[in-house]
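What follows is a short report on a single structure.
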Amino acid sequence: MATTQLSKRTSARSSTVVLKYAMAVSGLIMVGYLVLHMYGNLKAFAGPSAFNEYAHHLRTIGTPILPEKGLLWIVRVVLLAAVLLHAYAAATLWRRNKKAAGYVGAKRYQTKQGKSGVQRSYASFTMRWGGVTIALFIVFHILNLTTNTIHPGGAADTAYGKLHNSFEHWWVLLAYTVAMIAVGFHLWHGFWSAFTTLGQNRSSTRVASRWNTAAIGIAAIITIGFLAPPFSIYFFGLGG
């Protein structure tokens, strides 16, 4: 009996560690994608022709070794797998943490010590709802700028046309801004947390950690980089 219980505990701990590693690695894959995607979006400042040429290149890169859109679909499949794995790991770890923390119904155990914790930040408190916000936005974003199913400013035949027509509307810009802010907070905590999970954070406090500084920098760069084109389109008529 004792051996069985010990085996179950060891298995539970191992699976939790595996989930944390899976969450860290899948998160870093998505960070890499965001950096590349942001770079592509910034092509809008080079003009409609440059942006459309970049969008076309994404569909032909790797040819003739790969079929047209071949590499693009490989990236999509890898990214989808990373997103699903990340979401599954996050939900599972949250449930385990909730159970271990002593929740009874909707009430958490009470304590006057360590309410925020030395490793906590505002971003860490917003991870769950931030993730939900991002997930909902991804669905809208695909329907809007990829499939052009939702086209507030009218359907367009070109990549830049889809971008420009959408961000001429204040509510699209607002939704995009809220989503990008959620992405920024998610990156702030997630980037730091990933390297902590991978054993790279040896600081006794979050503030003193170099990875916290790096996380803030990455989050700021990606958030501002994604918001720059739509704000320029709406307020300054970028691309006319």
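The values are calculated or read from the model by the stated rules, or taken from the named source; none is laboratory data. Values in this document were obtained by computation on a predicted structure and should not be read as measured data. Reconstructed Cβ throughout: ideal geometry from the backbone, glycine too, with neighbour counts over all protein chains shown.
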Check your understanding: Which one of Ala87, Ala175 is modelled with pLDDT of 80 or more, part of a helix (DSSP H, G or I) and more than 20 Å from Thr223 (Cβ to Cβ)?
Key -> Ala87
Exercise for review: Scan the range 15-67 residue by residue and report those that are outside any helix (DSSP H, G or I) and within 29 Å of Ser232 (Cα to Cα).
Suggested key: Gly47, Ile61
Practice item. Test Gly239 against the criterion of being in contact (Cβ under 8 Å) with a residue 60 or more places away in the chain, in a helix (DSSP H, G or I) and out of contact with any Lys or Arg (no Cβ under 9 Å at 6 or more places or on another chain), and give yes or no. Key: no
Check your understanding: Which one of these is over 30 Å from Ile142 (Cα atoms), modelled with pLDDT under 70 and loosely packed, with under 10 Cβ neighbours inside 10 Å: Gln110, Gln119?
Key -> Gln110
Review point. Does Phe51 satisfy being modelled with pLDDT of 95 or more and in contact with a Lys or Arg (Cβ under 6 Å, 6 or more places away or on another chain)?
Key: yes
Practice item. Can you tell me which residue among Ala50, Ala24, Ala89, Ala81 is closer than 27 Å to Thr197 by Cβ and loosely packed, with under 14 Cβ neighbours inside 10 Å? Key: Ala81
Exercise for review: Could you grab me the full set of residues in the range 65-102 that are charged (D, E, K, R) and closer than 17 Å to Ile138 by Cα?
Suggested key: Arg76
Practice item. Under 6 Å between Cβ atoms, at least 6 apart or on separate chains: pull out the pairs that start in the range 203-223 with a residue that is more than 21 Å from Leu42 (Cβ to Cβ) and at pLDDT below 90 and end on any residue that is among the aromatic types (Phe, Trp, Tyr) and not in a loop (DSSP other than H, G, I, E, B). Key: Trp211/Trp192; Trp211/Phe195; Asn212/Trp192
Point to revise | Verdict on Trp188 being surrounded by fewer than 19 Cβ atoms within 10 Å (Cβ to Cβ), among the aromatic types (Phe, Trp, Tyr) and in contact (Cβ under 8 Å) with a residue 60 or more places away in the chain | key: no
Review point. Out of curiosity, is Thr197 buried (at least 19 other Cβ atoms within 10 Å of the Cβ), of a type in the set (Val, Ile, Thr) and within 21 Å of Met23 (Cβ to Cβ)?
Key: no
Check your understanding: Taking the range 26-41 on its own, how many of its residues are within 17 Å of Leu84 (Cβ to Cβ) and among the hydroxyl-bearing types (Ser, Thr, Tyr)?
Key -> 2
Revision key, fill the gap. Subset of the range 68-78, residues surrounded by 14 or more Cβ atoms within 10 Å (Cβ to Cβ) and outside any helix (DSSP H, G or I), comes to Lys69
